[in-house]
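*Asks:* Okay, handing you the structure first.
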Amino acid sequence: MIISIVNQKGGVGKTTIAINLAASLARKNLSMVLIDADPQGSAIQWHAVENNQAFDILHHPDTLNKTDIEELAQNYDYVVIDAPPAISDITRAILAFTDLAVVPLTPSSLDVWSCSGTVEMIKEIQQFKPNLDVKLLINRKIPGTRVGREAREMVRVFDLDILASELCQRVAFIDAMTSGVSVMQYAPSSKAAKEVESLCEEIVTGSPQQTMGAEDTSQEEEMVAPTPQEGTVFTDTNPSYGEIYEEEEETEKPYLRSAF
Ligand SMILES: Nc1ncnc2c1ncn2[C@@H]1O[C@H](COP(=O)(O)OP(=O)(O)OP(=O)(O)O)[C@@H](O)[C@H]1O
Ligand SMILES: [Mg+2]
């Protein structure tokens, strides 16, 4: 099965999701290869930090060739493709042989608007490739906030399936990336790891993991923007906005060290 993580908008989490999904599939003993189709080579850079052996990874920043991909698909249970942030010939070629396109979206109007070109391209390709399945995935949701709760409503404008699994905004995703490992390796019992495992389970079986149910509103591990008080002045020097993200408790992590 070929799964592509696509969105023309940069920074919505394509690479983070591709790497963690790939790692989670590999942990299920499914053979898998990740193709980094982005000229930026972010997934390859992640791989170089630890020479992570969790799964095979290839850099292919040019237009992918159908024969090569079909050959790979025969040798692996899953091929996961991390697409570049553009509506380009590369993305079009990727979608042409994709079985499932996962489109990550952050719950922000700007990101939802910027994604419409990607959705149009997918719908255009579906006209001659009706078996191209597409699912929206909410990423960087901030639990306990109105925008977080309204995220699903916001992305319903596209009239596409939305995965029940959601990924919240969590420092573990960033720290694991810096350390060259997946969130499951970095913090196996973290909420981030559970969210990825639920996503993987939903992709493989069609149902999310049982443990992911009602919205988790606890603040532990999240990167939470402080709630503005009435009359708050938004300046760089405002003490309540000096630190946008809440720090999580410092604990010794086996993999946490500078990647640079
Ligand atoms: N769920 C999350 N929680 C916290 N940070 C996240 C999450 N998802 C992604 N990020 C962070 O957001 C930034 C962008 O993520 P990422 O590079 O995966 O996006 P991208 O869509 O691949 O970007 P590009 O389009 O440039 O390739 C990174 O700093 C990443 O660590
Ligand atoms: Mg990327």
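*Asks:* Of all residues in segment 64-101, how many are out of contact with any Pro (no Cβ under 8 Å at 6 or more places or on another chain), under 22 Å from Val12 (Cα atoms) and assigned to a loop (DSSP other than H, G, I, E, B)?
*Replies:* 7
*Asks:* Select from segment 17-34 the residues that are out of contact with any Asp or Glu (no Cβ under 7 Å at 6 or more places or on another chain), in contact (Cβ under 8 Å) with a residue 12 or more places away in the chain and over 11 Å from Val181 (Cα atoms) and write down the one among them that is farthest from ligand 1 (Cβ to nearest atom).
*Replies:* The residue in question is Lys28.
*Asks:* Let me ask something additional. Among Ala26, Ala37, Ala22, Ala18, which is touching a Phe, Trp or Tyr at 6+ places or on another chain (Cβ under 7 Å) and within 14 Å of ligand 2 (Cβ to nearest atom)?
*Replies:* Among Ala26, Ala37, Ala22, Ala18, only Ala22 is touching a Phe, Trp or Tyr at 6+ places or on another chain (Cβ under 7 Å) and within 14 Å of ligand 2 (Cβ to nearest atom).
*Asks:* While we're looking at this one, here's another question. Only one of Pro143, Pro85 is over 20 Å from Asn7 (Cβ atoms) and buried (at least 17 other Cβ atoms within 10 Å of the Cβ). Can you tell me which?
*Replies:* Going through Pro143, Pro85 in turn, the sole match is Pro143.
*Asks:* Okay, moving on. Can you name the residue in segment 102-111 that is of a type outside the set (A, V, I, L, M) and assigned to a helix (DSSP H, G or I) and, of all such residues, is surrounded by the fewest Cβ atoms within 10 Å (Cβ to Cβ)?
*Replies:* Ser109
*Asks:* Would segment 72-84 turn up any residue that is within 16 Å of ligand 2 (Cβ to nearest atom) and small (Gly, Ala, Ser)?
*Replies:* Yes: one or more hits.
*Asks:* Name every residue in segment 40-71 that is within 17 Å of Ala26 (Cβ to Cβ), in contact with a strand residue (DSSP E or B) (Cβ under 7 Å, 6 or more places away or on another chain) and not hydrophobic (A, V, I, L, M, F, W, C), in order of residue number.
*Replies:* His47, Asp56
*Asks:* Name the residue, out of Gln45, Gln40, that is among the polar types (S, T, N, Q), surrounded by 13 or more Cβ atoms within 10 Å (Cβ to Cβ), within 16 Å of ligand 1 (Cβ to nearest atom) and in a loop (DSSP other than H, G, I, E, B).
*Replies:* Going through Gln45, Gln40 in turn, just one is among the polar types (S, T, N, Q), surrounded by 13 or more Cβ atoms within 10 Å (Cβ to Cβ), within 16 Å of ligand 1 (Cβ to nearest atom) and in a loop (DSSP other than H, G, I, E, B): Gln40.
Values in this text are rule-based calculations from the coordinates and carry no lab data. Note that the structure is a prediction, hence the values are computed from the model and not measured. Glycine gets a Cβ as well: all are built from the backbone with ideal geometry, and neighbour counts include every protein chain shown.
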